[in-house]
Amino acid sequence: NTVITGFARSNLSFSVVLGQDKNKFLKDFIKKNEQEVGIIYAATRKTVDLLHDLLIKVGVRAAKYHAGLPEAFRNKEQDRFLTDEAQVMVATNAFGMGIDKSNVRYVIHYQLPKNMESYYQEAGRAGRDGLPSECILLYSPSDEQTQRFLIDQSRDPSRIPLELEKLQRMVDYCHTEMCLQLYILQYFGEEVEVTCERCGNCCD
């Protein structure tokens, strides 16, 4: 049997936050959801370290994960998160493959991801149990410069134009006024016109 499903996840609500103090938003959001488990993705190792320190200082049970940390430390932090000893995981995109934690109630992207494929895969780690969950992207124009810098470091220069095009589609997502889930589904080639009625744009 072949079972084909669409990209839509009916329990996820998407939103983009522009022009706010990111650190304040983060602290307020986590405090308001202190009983919930979440993942915060950042684009660089340095940002992960800074955010982790910030959350520890305000009493959040946070873990961190990026490729610059020793493997034993990464495994320990991952285990703390999987067993609910840590409430929030702060990580780069190095974290997540094979992570099937069902009760992640929110995924916050502190910085703009490089493309929609990465974003949807990472955001999709929320709500694996089918319960309502939030996917929030905190956007500021400087994030685009960070991603452009990372793309320019590519080992394969022939891929740079395509990667920049994908980055632009990600920036467009942050500025669109259409239903956010609809934008994502159309990006992946699904011909749908039904709005989700629960994303930041639909509810605005």
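The values are calculated or read from the model by the stated rules, or taken from the named source; none is laboratory data. In this text, all values refer to a predicted model and were calculated from it rather than measured experimentally. No Cβ is skipped: glycine too gets one built from the backbone with ideal geometry, and neighbour counts run over all protein chains shown. The protein model used for the area step is the full one, side chains on, heavy atoms only, and it has no ligands, DNA or RNA in it. Shrake-Rupley method; radii C 1.70, N 1.55, O 1.52, S 1.80 Å.
Among (1) open to solvent by 30 Å² or more (accessible area, probe 1.4 Å); (2) in a helix (DSSP H, G or I); (3) under 24 Å from Cys202 (Cβ atoms), there is one condition Ser10 misses while meeting the rest; what is its number?
(2)
Say we look at the range 188-204 and pick out the residues that are open to solvent by less than 40 Å² (accessible area, probe 1.4 Å) and either part of a helix (DSSP H, G or I) or in contact with a helix residue (DSSP H, G or I) (Cβ under 6 Å, 6 or more places away or on another chain) (or both); which of these is farthest from Tyr119 (Cα to Cα)?
Cys196
Tyr119 is checked against (1) surrounded by 12 or more Cβ atoms within 10 Å (Cβ to Cβ); (2) out of contact with any Pro (no Cβ under 9 Å at 6 or more places or on another chain); (3) within 21 Å of Gly6 (Cβ to Cβ) and fails just one. What number does that condition carry?
(2)
Scan (1) of a type outside the set (S, T, N, Q); (2) within 23 Å of Gly19 (Cβ to Cβ); (3) loosely packed, with under 14 Cβ neighbours inside 10 Å; (4) touching a residue at least 24 places away in the same chain (Cβ under 8 Å) for the single condition Phe149 breaks and write down its number.
(4)
Identify the residue in the range 152-187 that is under 23 Å from Leu18 (Cα atoms) and of a type in the set (Val, Ile, Thr) and, among all such residues, is surrounded by the most Cβ atoms within 10 Å (Cβ to Cβ).
Ile184
Looking at the range 91-123, which of its residues are assigned to a loop (DSSP other than H, G, I, E, B) and in contact with a strand residue (DSSP E or B) (Cβ under 9 Å, 6 or more places away or on another chain)?
Result: Thr92, Asn93, Ala94, Phe95, Gly96, Ile99, Lys101, Asn103, Tyr110, Gln111, Leu112, Pro113.
Can Asp84 be described as free of Cβ contacts under 8 Å to residues at least 12 places away in the same chain, over 14 Å from the mean Cα position of the chain (by Cα) and more than 21 Å from Glu117 (Cα to Cα)?
no
Residues of the range 125-175 being closer than 20 Å to Asn201 by Cβ, in a helix (DSSP H, G or I) and of a type in the set (S, T, N, Q), which ones?
Hit for the range 125-175 is Gln168, nothing else.
Out of the residues in the range 45-66 that are touching a helix residue (DSSP H, G or I) at 6+ places or on another chain (Cβ under 7 Å) and farther than 23 Å from Gly127 by Cα, state the one that is least open to solvent (accessible area, probe 1.4 Å).
So the residue we want is Leu54.
Could you list, in sequence order, all residues of the range 88-110 that are modelled with pLDDT of 95 or more and surrounded by 19 or more Cβ atoms within 10 Å (Cβ to Cβ)?
Val88, Met89, Val90, Ala91, Val104, Tyr106, Val107, Ile108, His109, Tyr110
Test of understanding: among Lys22, Lys76, which residue is among the basic types (Lys, Arg) and out of contact with any strand residue (DSSP E or B) (no Cβ under 6 Å at 6 or more places or on another chain)?
Residue meeting the stated conditions: Lys76.
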